[in-house]
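No value in this document is a laboratory result; all are computed from the given coordinates. Treat the numbers as computed from the prediction; the structure is a model and nothing was measured. Here the Cβ positions follow ideal geometry from the backbone for every residue, glycine too, while neighbour counts run over all protein chains shown.
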Amino acid sequence: MILASIPSPAQGVWQLGPVPIRAYALCIIAGIVVACWWGDRRWVARGGKPGQVVDVAVWAVPFGLIGGRLYHVITDFSTYFGPNGRGLGAVFRIWDGGLGIWGAVALGGVGAWIGCKRMGIKIGPFGDAIAPAIIVAQAIGRLGNWFNQELYGAPTNLPWGLEIYERVNDVGQRGPDVLDGRSDGIVLAVVQPTFLYELIWNLLVAAFLVIVDRKYRIGHGRLFALYVAGYCLGRFFIEMMRDDHATQIFGVRINVFTAAIVFACAVAYFVTAPKGREDSVFTTDAEPAAPQTGEGTPEAVAETASDQPGSAAGAAPSDDAEVNVEGTSTDGLTSEPVTRKSED
């Protein structure tokens, strides 16, 4: 007997006139906004410039969406091109759901590398800065799966089981996966809410990454590797709890193999990557060049000033005379006036 359970939303799509408002898309957008906001704060604290995370996201987000969709279609090929498949047109209907995080991170990383390359940013520290924000964005995105009634597990009698409703759309289609339908109140099953397990796990990994980063100040992409490894660890076990349709290899869901392989690669990188944190988050080409010998120093400026007509070279300065010299700060990024009292 089930004493309590989690209801699924009655619908995941609302019509605003002729425009469909999809909860899945809204959750993805909300995750991207949060990732950009928090990622930018962490990036600036690490030495970057405000707004650069958004500039990189302009490249990373489209690449990530394409990569996520490609992974989903490839690993669920029969759904689109098998017998009674949805066809080529369904491949492009991304709003119907179906994004593989593995492809999103892989191709999104390519987009981020392009954006970083164009702005002279080192990809390692950039990935470390945004890693916690990315996995929080994933957690927000999982709410979209709740609205779509997807990514759930096997039937259960646990108190936190998820109710899956039958949905009916305007043309009479029925089923739990009718995305544009509305619940008719009939509970088809009470299942493991694996989307919720992954949401909670993602938030725990984000907290772990923040704590590790503050305590050990690791760099060179190693925090990003921890994010990948942590996500894969949880996904490995959660994936085995799922009961929805998926491509299998030797009777095992393909995402289980993917999680194991990517986990091993992430751990290997974490172990072999350089320790410590980078001195700068920018490449050499992006950093201001250091002043050459004799240029920009107080002595050089004073010597140049003495050669100018009307300068103090021909007259001894009084005891109270002051000389203002533009000196370059040690980080090469700012310039501040330095006031020195002349000496006899």
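Just a few scattered comments:
- Local net charge near ALA259, Cβ-Cβ under 11 Å (Lys/Arg +1, Asp/Glu -1): +1
- The order of the peptides 50-59, 152-161, 130-139 by mean Cβ neighbours within 10 Å, most packed first, is 130-139, 50-59, 152-161.
- Estimated FRET transfer efficiency (GLU278, ALA189; beta-carbon r; R0 51 Å; 0.05): 0.50
- Computed from the Cβ-Cβ distance with R0 of 41 Å, the FRET efficiency linking ALA4 to VAL171 stands at 0.75.
- Computed from the C-beta positions of ASP244 and ALA268, the FRET efficiency with R₀ = 25 Å rounds to 0.20.
- Between LEU88 and ARG214, full extension at 0.36 nm per residue minus the direct alpha carbon distance yields a gain of 40.6 nm.
- ASN157 paired with ILE29, simple spin-label distance in nm, labels 7 Å along Cα-to-beta-carbon: 4.4 nm
- Here the peptides 240-249, 112-121 are ranked by packing, the mean other Cβ count within 10 Å, and the order with the highest first is 112-121, 240-249.
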